[in-house]
Amino acid sequence: MLYYIGKRFLQSLVVIFIVTLFAFVLVHAAPGNPARMMAGEYATDEQVAAMEERMGFNKPIYEQFWMYLEGLAHGDFGMSVVYNQPVLPIIFSRLPVTVQLAVGTVLVACLLSIPLGVIAGVTRAKFIEFFAMFFALLGQSMSSLWLGILLIYIFAVKLGWLPAIGTGGIEYLILPVLTMGYPMAATLTRVARSGMIDTMNEDYITATYAKGISNFQVYTKYALRNAMIPVITLIGLDLAMQLSGSVIVESVFSRAGVGQLMNQSVTSRDYAMIQAMLLISSFLFTFVNFIVDVINSIIDPRLSLY
């Protein structure tokens, strides 16, 4: 187990380094000159050249990359050309809004999907299975943009029960959480149902029935544990994705989170901000995948052999 965890940790470090390299190269290959943006729209060529020298853009690309790595090692992710301040505090100031939305989305999706998918997979009752599949198909057929606008129209415009946009109390979280949570719950329902059906057909489940173990113990102690491995993997990926920011939902509901910040940074060509957010997103995905792999290897020790 310790060997597997160490191997996965080293793989995660390699992935983060490769993503850092790609983020650096892709952002620097993009059109536009950040030095001119920092110097100002009406700056002379001499002023732009001085800014390039100050920012290190006049040096070879490999030296710029080494300087960038040194800055990252000291917690320096660069300066924003739009806000004219370090990018890391700006991202951290937006992160709580995105974390609230991500955690709420995952909780709602799990509460809706896992019980429904497990019950549908265990009972195979026609009505429950039909409802679960209809619930899943409907959720996977709707885009977040369309669903968000629909929820705003019904619950904010027509009924006036909930606020449409902005940040504040829990009432401001309900509509965006439902917008992001329903499609996620739809996918989790199908995965949980399929996992339970496959697990219930295994030979060891038949053997537990032969030993006279109660149905409840078979479902919870033996079947559910293995059936949850793909569900946990999917939850981890979705959580990392939500923490990286949902551009569409945060824009529709005017939530000043990381997704909205990414959209603004791309539009304004704020290279340092884009690089920092790409790195943080890759770190979140890598870290969550690492934790998910460890959890799955604890549930099924055979996974640590691969």
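Values quoted throughout were computed directly from the atomic coordinates according to the rules given, and no laboratory measurement underlies them. None of the values given here were measured: they were computed from a predicted structure. Positions of Cβ are backbone-derived with ideal geometry, glycine not excepted, and every protein chain shown enters the neighbour counts.
Restricting things to alpha carbons, find the Rg to Rh ratio for segment 94-258 using the Kirkwood radius for Rh. Write down the numbers at each step before the final one.
Details: Rg = 18.3 Å, Rh = 17.0 Å.
Using Cα coordinates only, the ratio equals 1.07.
Kindly provide the helix-only [θ] at 222 nm of the chain, computed as the sum of -39,500 (n - 2.57) over DSSP H runs of four or more divided by all residues, to the nearest 500 deg cm²/dmol? Each step should come with its number before you reach the end.
Working: 13 runs with 223 residues, N = 306.
Mean residue ellipticity at 222 nm (helix-derived): -24500 deg cm²/dmol.
At 30 angstrom or more along the helix axis (alpha-carbon based) and mean Kyte-Doolittle of -0.5 or higher, what helices does the chain contain? Whole DSSP H runs only. Let's see the in-between values first.
Working: long enough: 2-29 (41 Å, 1.74); 87-123 (52 Å, 1.92); 171-200 (41 Å, 0.65); 271-299 (42 Å, 1.77).
Sorted by number, the helices that extend far enough and score high enough are 2-29, 87-123, 171-200, 271-299.
Just VAL231, VAL99, VAL15 to compare: in a GNM of the chain, with alpha carbon springs under 10 Å, which one fluctuates most?
The residue that fluctuates most here is VAL15.
For every other residue with a beta carbon closer than 10 angstrom to the beta carbon of ALA223, add +1 if it is Lys or Arg and -1 if Asp or Glu, then tell me the sum. Don't jump to the answer; show the numbers that get you there.
On the way: positive: LYS221, ARG225; negative: ASP198, GLU202.
Net charge around ALA223: 0.
Using the crude model of +1 on Lys and Arg Cβ and -1 on Asp and Glu Cβ, and no other charge, please compute the dipole size for segment 94-258 relative to its Cα centre, in debye to 20. Walk me through the numbers before you get to the answer.
On the way: 10 positive and 7 negative charges, 35 e Å.
Dipole magnitude for segment 94-258 comes out near 160 debye.
Grab the Cα-Cα distance for GLN264 and SER93, subtract it from 0.36 nm times how many residues apart they are, and report the gain in nm with one decimal. Don't skip to the end; give the middle numbers.
On the way: separation 171, 0.36 × 171 = 61.56 nm, distance 1.51 nm.
Full extension of this stretch gives 60.0 nm more.
What size of dipole, in debye to the nearest 20, comes out for the chain about its Cα centre when the only charges are +1 on Lys and Arg C-beta atoms and -1 on Asp and Glu C-beta atoms?
Numbers: 17 positive and 18 negative charges, 235 e Å.
Dipole magnitude for the chain comes out near 1120 debye.
Excluding ILE213 itself, calculate the net charge of residues whose Cβ lies under 15 Å from the Cβ of ILE213, where each Lys or Arg counts +1 and each Asp or Glu counts -1.
Details: positive: LYS211, LYS221, ARG225; negative: GLU202, ASP203.
Result for the neighbourhood of ILE213: +1.
Over all directions, how big on average is the projection of the convex hull of the alpha-carbon atoms in the chain, in square nanometres? Numbers along the way, then the final one.
On the way: hull surface 82.2 nm².
For the Cα atoms of the chain, the hull's average projected area reads 20.6 nm².
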